[in-house]
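So the structure is just underneath, and the comments pick up after that.
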Amino acid sequence: MASASASLAFDFVIDPAFDGLTNMARDVALLEAAEQGRLGCRVYSWDGPWVSLGRFQRPSDALVDPEATNYVVRPTGGKAVLHGHDMTVGLAVPLSLPGAIGNRKAGKTE
């Protein structure tokens, strides 16, 4: 059985604690790199309590007091997540990668 191997660029970063705005900006950069074909992973923490809201959540609906809460909106969906006590992992996979969720046909052989 013959197998083909492909070279894949991969970035792995362990970041220090940042505020929510910086963390989300770095996650967006990870996503943009994946859109250009680069696989990326980052492990990070938060500089204090932060709530990350899903892309389609409204702060006025999801938070008791948005003006008194450190919050940021993620580039992805989902519900609110409380951070500041955790380690977070961001992973971005190019959709062109064989077997990627958005490209199931690429992993099949004819």
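The values are calculated or read from the model by the stated rules, or taken from the named source; none is laboratory data. Being a predicted model, the structure only gives us computed values, none of them experimental. Each accessible area value is taken on the protein alone, full model and side chains, heavy atoms only, with ligands, DNA and RNA left out. Shrake-Rupley method; radii C 1.70, N 1.55, O 1.52, S 1.80 Å.
Please give the contour-minus-distance gain from F12 to A80: 0.36 nm per residue of separation, less the Cα-Cα distance, rounded to one decimal in nm. Don't skip to the answer; put the middle values down first.
Values: separation 68, 0.36 × 68 = 24.48 nm, distance 2.56 nm.
Extending this stretch completely gives an extra 21.9 nm.
Just check the range 32-90 against the gyration tensor rule for me: Cα atoms, a ≥ b ≥ c as the square roots of the eigenvalues, rounded for a/c under 1.5, and otherwise prolate or oblate depending on whether a/b exceeds b/c. If you can, show how the numbers build up before the last one.
Values: a/c = 3.08, a/b = 1.56, b/c = 1.97.
Because a/c hits 1.5 or more and a/b fails to exceed b/c, the range 32-90 counts as oblate.
For M87, M24, write out the residues from largest to smallest accessible area, computed with a 1.4 angstrom probe and no ligands counted.
Numbers: M87 125, M24 10 Å².
From most accessible down to least: M87, M24.
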